Amino acid sequence: QGLVENNKKNYISNNYIKIKNIKRSLEMGLIDKINEKYKVSIKEKDNNAINTLRLIKSVIKDKEIELRSKQEKLLDKDILTLLQNMIKQRKDSIEAFAKANRSDLIVKEENELLVIEKFLPQQLSEEKIKEIIAKIIDEKNLSSLKDMGKLMTIIKTNYVGKIDMGVAGKIAKSSLGN
């Protein structure tokens, strides 16, 4: 009887811990997820991930220092913006390295891109971006390229991390240019 009772307590205790861990991972902020992935990468000795995550952590730390007097801590949307900037930098570097025929550096940048992209939400398709831009143009009565700034500000504010701003810029320019 005591053994069965003890097993029930262990079973309940183990399930409680599992549920608590799942709940904690759902509540994790982006910084927590990055730190957790960093720890796992160190254990797995994944040098590419370790170096890229160190870079991400460094960029976040720089931004925190910059914003120290303005706000307490970085929000997830701020981190998403930083990650998107890092992705843009990597894509620009890949383009430049392709022109210089530096395949070794292209591979390095692509590997970093893969690590960074894991922390971004699923990017919207080009068709979905076109729909969103058309909707905003109609709702806000935007008509010329002079309204491009307003349009891009709305997109940046409402779709942080979900839309590739480079793609959005091209679509917006062609939509407002007509």
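The values are calculated or read from the model by the stated rules, or taken from the named source; none is laboratory data. Here the structure is a predicted model, which means the values were calculated and not measured. Cβ sites come from the backbone with ideal geometry, for glycine too, and all protein chains shown count toward neighbours. Heads up: the accessible areas ignore ligands, DNA and RNA and are worked out on the full protein's heavy atoms, side chains in. Shrake-Rupley method; radii C 1.70, N 1.55, O 1.52, S 1.80 Å.
To keep it simple, each residue is scored yes or no on (1) modelled with pLDDT under 70; (2) surrounded by fewer than 10 Cβ atoms within 10 Å (Cβ to Cβ); (3) within 30 Å of Lys108 (Cβ to Cβ).
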position: Gln1; (1), (2), (3): yes, yes, no
position: Tyr11; (1), (2), (3): yes, no, no
position: Glu27; (1), (2), (3): yes, yes, no
position: Ile34; (1), (2), (3): no, no, yes
position: Lys37; (1), (2), (3): no, no, yes
position: Asp62; (1), (2), (3): no, no, yes
position: Lys77; (1), (2), (3): no, no, yes
position: Ile87; (1), (2), (3): no, no, yes
position: Ser93; (1), (2), (3): no, no, yes
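What's the total number of residues in segment 41-60 that are open to solvent by 50 Å² or more (accessible area, probe 1.4 Å) and either polar (S, T, N, Q) or farther than 17 Å from Arg90 by Cβ (or both)? So that I can check it myself, show each step before the final result.
Of all residues in segment 41-60, those open to solvent by 50 Å² or more (accessible area, probe 1.4 Å) come to 42-48, 51, 54-55, 57-58.
Going one step further and asking which of them are either polar (S, T, N, Q) or farther than 17 Å from Arg90 by Cβ (or both), we end up with 42-48, 51, 58.
Residues flagged as open to solvent by 50 Å² or more (accessible area, probe 1.4 Å) and either polar (S, T, N, Q) or farther than 17 Å from Arg90 by Cβ (or both) within segment 41-60 amount to 9.
Cβ-Cβ below 8 Å, separation at least six or inter-chain, first residue in segment 130-155 and open to solvent by 40 Å² or more (accessible area, probe 1.4 Å), second part of a loop (DSSP other than H, G, I, E, B): which pairs?
Matching pairs, first to second residue: Lys150/Leu142.
Pairs under 7 Å by beta carbon, first residue closer than 19 Å to Val59 by Cβ in segment 34-47, partner surrounded by 17 or more Cβ atoms within 10 Å (Cβ to Cβ) and among the aromatic types (Phe, Trp, Tyr), six or more apart or different chains?
Note: pairs meeting the criteria are Ile34/Phe119.
Which of the residues spanning segment 105-130 are under 15 Å from Met165 (Cα atoms) and out of contact with any Ser or Thr (no Cβ under 9 Å at 6 or more places or on another chain)? Let's see the steps before the verdict.
Within segment 105-130, the subset under 15 Å from Met165 (Cα atoms) is 117, 120-130.
Listed by number, the residues that qualify are Glu117, Leu120, Pro121, Gln122, Gln123, Leu124, Ser125, Glu126, Glu127, Lys128, Ile129.
From the residues in segment 107-119 that are of a type outside the set (Phe, Trp, Tyr) and open to solvent by less than 30 Å² (accessible area, probe 1.4 Å), which one is farthest from Lys37 (Cα to Cα)? Outline the logic, then answer.
Of segment 107-119, the ones of a type outside the set (Phe, Trp, Tyr) are 107-118.
From the residues that got through so far, the ones that are open to solvent by less than 30 Å² (accessible area, probe 1.4 Å) too are 109, 112-113, 115-116.
On the way: Glu109: 19, Glu112: 14, Leu113: 15, Val115: 10, Ile116: 11 Å.
Ranking the candidates gives Glu109 first.
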